[in-house]
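S.K.: One structure, pasted below without further comment.
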Amino acid sequence: MTMKNIAIIVAGGRGTRVGNRIPKQFMEIKGKKIIEWTISAFDSCRKIDGIVVVIVNEFRDKMEEILLKADFTKKIIIVSGGETRQLSVYNGLKKAEDFNPEHVLIHDAARPLVSRELIERVIVSLENGAGGVVPAIPVRDTLVKAEDSTIKEYIPREGLYLIQTPQGFNFTEIFASHLNALSDGRKEFPDDSSIFRAYSSGKVVIVEGDPANIKITYPGDLRIAEILMNYLSDP
């Protein structure tokens with residue numbers, strides 16, 4: 001079975017900074033689990049053919065229960081996460097390999113406000129020949145470097161961006177990059193684009209990100225996400 005575009009949703013962490021005993025992806029916003037909102041965005045995107053969800057193994061049953069009750073239309077497969085985000089993504093890539101995809105989009109489960117438009121923007125860039133694609137927004141605030149709560153240096157923000165997910169890649173190249181990183185014993189890359197740049201000859205290009213595509217990290221982010229959802233759903 002071949003699927004052209006596969007999404008890997010990484011929900012392998014525990015999200016301790018958000019201040020809850022359960023992983024943040026199972027917390028609720030507006031009556032739905034964060035992971036449900038995230039899956040829904042990819043499920044509703046016509047260019048996505050299948051979804052792999054990487055989950056903490058002890059919460060696998062909970063994830064299966066959510067999928068049974070939901071009305072998602074795409075094929076969704078659950079795999080267990082690894083000790084780090086990088087290893088969790090690798091587990092997702094190994095499962096995605098079964099479908100011989102051309103492209104893969106790797107997304108943080110804790111970004112439930114990802115839009116179909118952003119997902120398609122990444123895919124279109126891949127279809128136009130990019131090997132790696134990262135959505136990003138320009139840095140707008142003044143940046144400083146500080147020590148002991150004292151400003152030591154002002155950093156020019158020209159050419160600086162905040163990168164987001166989903167990050168999209170040629171599947172063969174990103175999978176090979178992950179394999180090579182593991183072979184070298186490197187397991188702590190900050191994201192997948194950095195692995196791709198380290199082990200692939202392909203370039204990573206930037207597409208326009210979305211300021212609403214926030215990552216749920218701290219307790220206050222839940223309220224911000226709810227406000228954004230209410231605003232974005234207004235006619």
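The values are calculated or read from the model by the stated rules, or taken from the named source; none is laboratory data. Just so we're clear, the structure is a prediction, and the values are computed from it rather than from any experiment. All Cβ positions, even for glycine, are placed from backbone atoms using ideal geometry, and neighbour counts span all protein chains on display.
S.K.: Looking only at region 163-176, how many residues end up being crowded, with 17+ Cβ neighbours inside 10 Å and of a type in the set (Ser, Thr, Tyr)?
M.R.: Final tally of qualifying residues: 1.
S.K.: Of these, VAL134, VAL144, which one is of a type outside the set (D, E, K, R), free of Cβ contacts under 8 Å to residues at least 12 places away in the same chain, touching a strand residue (DSSP E or B) at 6+ places or on another chain (Cβ under 9 Å) and not in a helix (DSSP H, G or I)?
M.R.: On the way: VAL134 fails: free of Cβ contacts under 8 Å to residues at least 12 places away in the same chain.
Exactly one residue qualifies, and that residue is VAL144.
S.K.: When you go through PRO190, PRO166, PRO112 one by one, which is the residue that is closer than 21 Å to ILE55 by Cα and free of Cβ contacts under 8 Å to residues at least 12 places away in the same chain?
M.R.: Numbers: PRO166 fails: free of Cβ contacts under 8 Å to residues at least 12 places away in the same chain; PRO112 fails: free of Cβ contacts under 8 Å to residues at least 12 places away in the same chain.
Exactly one of PRO190, PRO166, PRO112 is closer than 21 Å to ILE55 by Cα and free of Cβ contacts under 8 Å to residues at least 12 places away in the same chain, namely PRO190.
S.K.: Tell me whether region 150-163 contains one or more residues that are under 18 Å from LEU105 (Cβ atoms) and touching a residue at least 12 places away in the same chain (Cβ under 8 Å).
M.R.: yes
S.K.: Of the residues that sit in region 129-176 and are over 13 Å from VAL207 (Cα atoms) and polar (S, T, N, Q), which one is farthest from the chain's Cα centre (by Cα)?
M.R.: Only one residue tops the list, namely THR150.
S.K.: Determine, yes or no, whether ALA96 is exposed (fewer than 15 other Cβ atoms within 10 Å of the Cβ) and at pLDDT 95 or above.
M.R.: Values: exposed (fewer than 15 other Cβ atoms within 10 Å of the Cβ): no; at pLDDT 95 or above: yes.
No: the conditions fail for ALA96.
S.K.: Looking at region 110-120, can you tell me whether even one residue there is surrounded by fewer than 13 Cβ atoms within 10 Å (Cβ to Cβ), within 23 Å of ALA198 (Cα to Cα) and at pLDDT 95 or above? Before the answer, list the steps.
M.R.: Our first condition is that a residue be surrounded by fewer than 13 Cβ atoms within 10 Å (Cβ to Cβ); within region 110-120, this holds for 117.
Next, from what is left, pick out any that are within 23 Å of ALA198 (Cα to Cα): none.
Checked against the condition, which is being surrounded by fewer than 13 Cβ atoms within 10 Å (Cβ to Cβ), within 23 Å of ALA198 (Cα to Cα) and at pLDDT 95 or above, region 110-120 yields no hits at all.
S.K.: In region 197-223, which residues are surrounded by 16 or more Cβ atoms within 10 Å (Cβ to Cβ) and closer than 22 Å to GLU28 by Cβ?
M.R.: Answer for region 197-223, where residues must be surrounded by 16 or more Cβ atoms within 10 Å (Cβ to Cβ) and closer than 22 Å to GLU28 by Cβ: ALA212, ASN213, ILE214, LYS215, ILE216, ASP221, LEU222.
S.K.: On the basis of being basic (Lys, Arg), more than 24 Å from GLY202 (Cα to Cα) and crowded, with 19+ Cβ neighbours inside 10 Å, does ARG85 make the cut? Steps first, answer last, please.
M.R.: Working: basic (Lys, Arg): yes; more than 24 Å from GLY202 (Cα to Cα): no; crowded, with 19+ Cβ neighbours inside 10 Å: yes.
Judged against the criteria, ARG85 is not a match.
S.K.: As an exercise: evaluate LEU179 against (1) surrounded by 14 or more Cβ atoms within 10 Å (Cβ to Cβ); (2) of a type outside the set (Asp, Glu); (3) in a loop (DSSP other than H, G, I, E, B); (4) more than 19 Å from the chain's Cα centre (by Cα) and give the number of the one condition it does not meet.
M.R.: (3)
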